[in-house]
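First comes the structure, then the notes that go with it.
The numbers here are math on the coordinates, done by the rules we state, and not lab data. Note that the structure is predicted; figures quoted are calculated from it, not measured. Using ideal geometry, Cβ is built from the backbone for each residue, glycine included, and neighbour counts are taken over all protein chains shown.
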Amino acid sequence: MSSVAWLLVSVALIGMLILSALFSASEAALFSLTSAQRLKLDSTRNSDRAILRLLSNASHLLTCILLCNLAINITFFACANVLSSTLNGPDVGPALPFLFAFATVASVILFGELLPKSVGVLAPLKISRFISLPMLGIMRLVLPLGKAMHTINDICRRLIWPGLVSESILEISDLERAIELSETDSKMIDLEKGILQNTLQLSNIQAQEWMHPKSQFASISLPVSSEQMEDWIAEQGTEWTDDSKRRIALILSPVDSQVTATMNIEQLRQAIRQRTTPAPQPAYFVPWCANLASVLQQLLKQDLKVVVVVNERGDTIGVLFFEDIIEAIFASPSAAINTMGRPLFAKTGEAKWEVTGATRIKQLERSLGIKLPETRDATIAGVLQSQLRRLAQVGDHVAWGTFTLQVIDVPHRGKMYVQITSSEIDISEDESGGIV
C-alpha cells in the first residue's frame, strides 16, 4: 500500500473513532436527562426543540444511535484490518500486527465508548444541546431502516417468542390475609388495611369527583405588562397564602381564554420583583372521566404536581393536585379529609352529620355507605340551590327524600356548612370504611 493510501486510511480511522465517540456520548447524554433538566428546556431554542423531538420517540432514537454506531465500528475494524495486513513483511516483526490490532480495539473501547459516555453522563444537558440538531437529521435519514427493524422485531417477538404468561388473580381478601399474617400489631394492621382499600378504590373515583373547581383559582392571560402584573398580584390579596394549593394561578390563552399553563403565584411575584420573564408550567390535561389511579400514574410518569381537568368539550373545569390523591390514599374514616385539606364531614349525632357545601354526593355515599336520593346535582350546595331557587342562607331547611338539609354557616369567605339529618338510618363511624 502506498504512503498516500496508508495516510487516507489512517485519517478515516481517526474520523470514524470521533464519530463513534459522538454517538456514544449522545446516547448517554440524551437518556441521562432528568425530569428537572427536561423542564429547563426552552421551546424557543432550536437545539432544545430538537431534544424534545428526539426524546418523543425514544425507541427509534435508540435504534438510530445503535445502528449508526454499529456501522461505524464495523467500518473502523475493516479499515484497521487493511492497515494491519500492510504491516506483514520481512522488515517487520510478527508481533507488530497483533499489537496494532490490540491498539485499535483498546482505542475503540476507551475513546469510542467509555470516555464519551462518561462525559455524556456528567454533562447531559450540554452534550444533548450540542448534538441534538445533527442527531435529528441523522435520525430522519435512518428512520425508514429503523421502522423496518422494529417491524421485523415485532413479528419475531409475536410469532417465535410471544412470551405469553398466565395472569395471576389476586383478590382483596388475599392481600388482607397477607397483612394479617405479617408480624405487625393490630393498630398497624387496621391502618394497612385502610390504606390498601383506599388505594384499590382509586380506580372507582373519577377526576371530576376529586378536583378543585376552576373558580377557586386565580387566572391571568399572558403576556401582560409589568404594571398590569403588579396590579393583578395586588388584587389577589393575602388570603391564598394559608393554602398552598390556592397559590396556583391558571395561565389563560389570550385567544380563547383556555388554560394553557399553571404557575405558582409566589413565583409570579418573584418574577415581577426581579423583572424577569415568568416561566409557567405547561398544563397537562386529563379528561373528567379519568379515574384517580390513571391520573396518579400519569403524575408519577410525567413528574408533575398538578393536572388540569377538562370536560367532553375540552373546556377546563378544575385542577387536581398530586397531594390530593396522596391524601385520598392515607385518609381514614375517622379523619376524613376533603380535597382542600379540611374536614369533609363530621358525625354530630345519630344519623346526623355536618358537611361542607362543596361535598360531592358520590363521595358522601361512598364514605357513609348509604344511598342518597337521586339528583342531577353533584354537590350538597347544588341540591340546596336547586330546591331553594336562590343562594342558600343560614337557617334554610330543605327536605331531600328522607333527609333534611339545614344551612348552619355561610361565611363571607370559605365554605358553607350544612347539617344533614335523617331519622330512618343509623350509621356508626366505623362503617364508613371507604375513601372520601
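In this calculation the C-beta distance from C289 to V255 is compared with R0 = 35 Å, giving a FRET efficiency of 0.85.
Fewest neighbouring Cβ atoms within 10 Å first, the residues C64, C79 line up as C79, C64. Subtracting the Cα-Cα distance of L143 and A378 from 0.36 nm times their residue separation leaves 79.6 nm of extension gain. For segment 1-137, the alpha carbon convex hull comes to 102 Å³ per residue, rounded to a whole number. Between the beta carbons of A234 and L114, assuming R0 = 56 Å, the FRET efficiency works out to 0.45 to the nearest 0.05.
With the simple model of a label 7 Å out from the Cα in the direction of the Cβ, I74 to E312 spans 5.5 nm. Residue separation of A103 and W161 scaled by 0.36 nm, minus their Cα-Cα distance, works out to 16.9 nm of gained length. Counted by neighbouring Cβ atoms within 10 Å, the residues M416, M149 run from fewest to most as M149, M416. Between S215 and L66, what is the FRET efficiency for a Förster distance of 56 Å, r being their Cβ-Cβ separation, to the nearest 0.05? Rounded to the nearest 0.05, the efficiency is 0.60.
Using a cut-off of 29 Å between Cα atoms, the listed pairs K305/K371; K117/K147; K214/K352 include K305/K371; K214/K352 as exceeding that distance. Residues whose amide H comes within less than 5 Å of that of A218, counting only those at least five positions distant or on another chain, are L250 (H built at 1.01 Å from N in the peptide plane).
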